[in-house]
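Okay, structure first, notes after.
The values are calculated or read from the model by the stated rules, or taken from the named source; none is laboratory data. Owing to the predicted nature of the structure, the values given are computational and were not obtained by experimental measurement. Methodologically, a virtual Cβ is constructed for each residue, glycine included, from the backbone with ideal geometry; neighbour enumeration extends over all protein chains shown. Only protein heavy atoms, including side chains, enter the accessible area calculation; ligands, DNA and RNA are left aside. Shrake-Rupley method; radii C 1.70, N 1.55, O 1.52, S 1.80 Å.
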Amino acid sequence: MGMTMTQKILAAHAGLETVTAGQLIEADLDLVLGNDVTSPVAIGEMKKMNVEGVFDKDKIAIVLDHFTPNKDIKSAELCKCAKDFAYANDITNFFETGEVGIEHALLPEKGLVVAGDVIIGADSHTCTYGALGAFSTGVGSTDMAAGMATGKAWFKVPSAIKFHLTGKPGKWISGKDVILHIIGLIGVDGALYKSMEFVGDGIQYLSMDDRFAMTNMAIEAGGKNGIFPVDDLAVEYMKEHSTREYKVYEADEDAEYEAEYTIDLSKLKPTVAFPHLPENTRTIDEDFDISIDQVVIGSCTNGRISDLRAAAEVMKGRKVAKGVRVIVIPATQAVYLQAMEEGLLATFIKAGAAVSTPTCGPCLGGHMGILAKGERAVATTNRNFVGRMGDPESEVYLASPAVAAASAVTGKISGPEELGL
């Protein structure tokens, strides 16, 4: 029996000719990632292990993005712990305020991840890098500690689900709409510990930012990882951002998949995930009238330049509805600078939005936009669990940047079409 794309990458990193679903392997790691929340825990575990130094200072990335710029004394202490460790071990890829970005947008931008890599990160959305044809997955801080110490990690080889993407999506359909549609279709545990492998002629119409958004949210379907084939667009992205060599793996024709789905992108409509699960999806044309208090445009899912362009196109020449707070968070400093040079930030500010320095901020209820009891937010983030963005009795509706921007203007959940766009 042949292997899937994910299985081939894992086999190569385990030094094996073949692997099968369910097999336990030990694989070499190309990168170990931590942030300001998870790194201090991993650092504590390394101390318990009595480990001297790290396996490779160039293959560890520590990104201080979750509660930064430091919102209180505790977050400052966490960042100091991570910073002291990074400097003591001469970690090459250490990023803090001023050069920081949201980790899963920053690492591809910095060229630290490429096709064929095996990457672990002490953050569940580490699965983002599958957009470039890498195997990447989230782990706990203890596994991060072991990875930093040894450069290896244990895995159970995942089985796979294949998603055939066909057709050309409409103007306002983004990768966020596609992945929300898929999660609504299979549920939040529909791909539990499985590899979500995307194929088909529809991929050519998905930008790299679309693909990053889709693999980012593989975990919201329970997936171990999400992964795309390496096409010309992915190669172009890697050549632009990285000097590292990449390796292309392709699934065998006789690879085994537990399930297969076909999705016609041309038939998709702007999609919103209602509280309190990403699977609770409805399309924007359904009959509902839900007023909102806040809009957040950003996060590791949708804070890249094409996301900001889409939002700005909707908001240009318009005003944020009275009584609605709008917070725009570019995912990295480079995205922030580009958005400024393109005039996007001016569009947001003139419309009545606030623009933040790069941070995860409100996505996990950290800061820069916490919800009060009874408040509702439309967010381009990836989770809408109970209390995710603040009070347990607040509500988060997940949507694309275009829907979020349109909702900001109307004061209720809306699509761009309602503004005549």
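Below is a table of values for the structure above.
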{"item": "Single residue of the range 307-322 satisfying the filter (open to solvent by 30 Å² or more (accessible area, probe 1.4 Å) and either assigned to a loop (DSSP other than H, G, I, E, B) or among the acidic types (D, E) (or both)) that is nearest to K176 (Cα to Cα)", "result": "E313"}
{"item": "Of all residues making up the range 305-359, the number that are in contact (Cβ under 8 Å) with a residue 60 or more places away in the chain, in contact with a Pro (Cβ under 8 Å, 6 or more places away or on another chain), β-branched (V, I, T) and under 21 Å from I290 (Cβ atoms)", "result": "1"}
{"item": "The listed residue being open to solvent by 30 Å² or more (accessible area, probe 1.4 Å) and farther than 13 Å from C360 by Cβ, out of K71, K57", "result": "K57"}
{"item": "Neighbours by Cβ (under 6 Å, 6+ apart or cross-chain): first from the range 104-121, at negative phi and part of a loop (DSSP other than H, G, I, E, B); second at pLDDT 95 or above and of a type in the set (D, E)", "result": "D117/D30"}
{"item": "Count - residues of the range 232-247 that are surrounded by fewer than 15 Cβ atoms within 10 Å (Cβ to Cβ) and in a loop (DSSP other than H, G, I, E, B)", "result": "4"}
{"item": "Pick from the range 372-391, criterion open to solvent by 10 Å² or more (accessible area, probe 1.4 Å) and modelled with pLDDT of 95 or more, ranking: nearest to the chain's Cα centre (by Cα)", "result": "R376"}
{"item": "Only one of T150, T128, T137 that is within 21 Å of P40 (Cα to Cα), of a type in the set (S, T, Y) and open to solvent by less than 10 Å² (accessible area, probe 1.4 Å)", "result": "T137"}
{"item": "So F288, is it at pLDDT below 95 and open to solvent by less than 80 Å² (accessible area, probe 1.4 Å)", "result": "yes"}
{"item": "Qualifying positions in the range 179-189 - in contact (Cβ under 8 Å) with a residue 60 or more places away in the chain and either part of a loop (DSSP other than H, G, I, E, B) or open to solvent by less than 10 Å² (accessible area, probe 1.4 Å) (or both)", "result": "L180, I182, I183, G187, V188"}
{"item": "Residue under evaluation P169, criteria (1) of a type outside the set (A, V, I, L, M, F, W, C); (2) more than 21 Å from A273 (Cβ to Cβ); (3) over 20 Å from the mean Cα position of the chain (by Cα), criterion not met", "result": "(2)"}
{"item": "Any pair with Cβ under 6 angstrom, 6 or more apart, that starts in the range 222-244 at a residue that is over 16 Å from I179 (Cβ atoms) and ends at one that is surrounded by fewer than 22 Cβ atoms within 10 Å (Cβ to Cβ) and β-branched (V, I, T)", "result": "V230/V248"}
{"item": "Scan of the range 194-208 for residues that are open to solvent by 10 Å² or more (accessible area, probe 1.4 Å) and touching a Gly at 6+ places or on another chain (Cβ under 7 Å), ordered by number", "result": "K194"}
{"item": "Test: residue in the range 82-93 that is outside any helix (DSSP H, G or I), closer than 24 Å to A12 by Cβ and open to solvent by less than 10 Å² (accessible area, probe 1.4 Å)", "result": "no"}
{"item": "Every pair of residues 6+ apart whose Cβ atoms lie under 6 Å, when the first sits in the range 165-178 and is open to solvent by 10 Å² or more (accessible area, probe 1.4 Å) while the second is hydroxyl-bearing (S, T, Y)", "result": "G167/S266; K168/Y205; K168/S266; P169/Y205; S174/S400"}
{"item": "Single residue of the range 291-306 satisfying the filter (more than 19 Å from T410 (Cα to Cα) and among the hydroxyl-bearing types (S, T, Y)) that is most open to solvent (accessible area, probe 1.4 Å)", "result": "S306"}
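Okay, residues lined up against (1) polar (S, T, N, Q); (2) at pLDDT 95 or above; (3) more than 18 Å from K152 (Cβ to Cβ):
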position	(1), (2), (3)
D30	no, yes, no
G53	no, no, no
V63	no, yes, yes
T68	yes, no, yes
K83	no, yes, yes
Y87	no, yes, yes
T92	yes, yes, yes
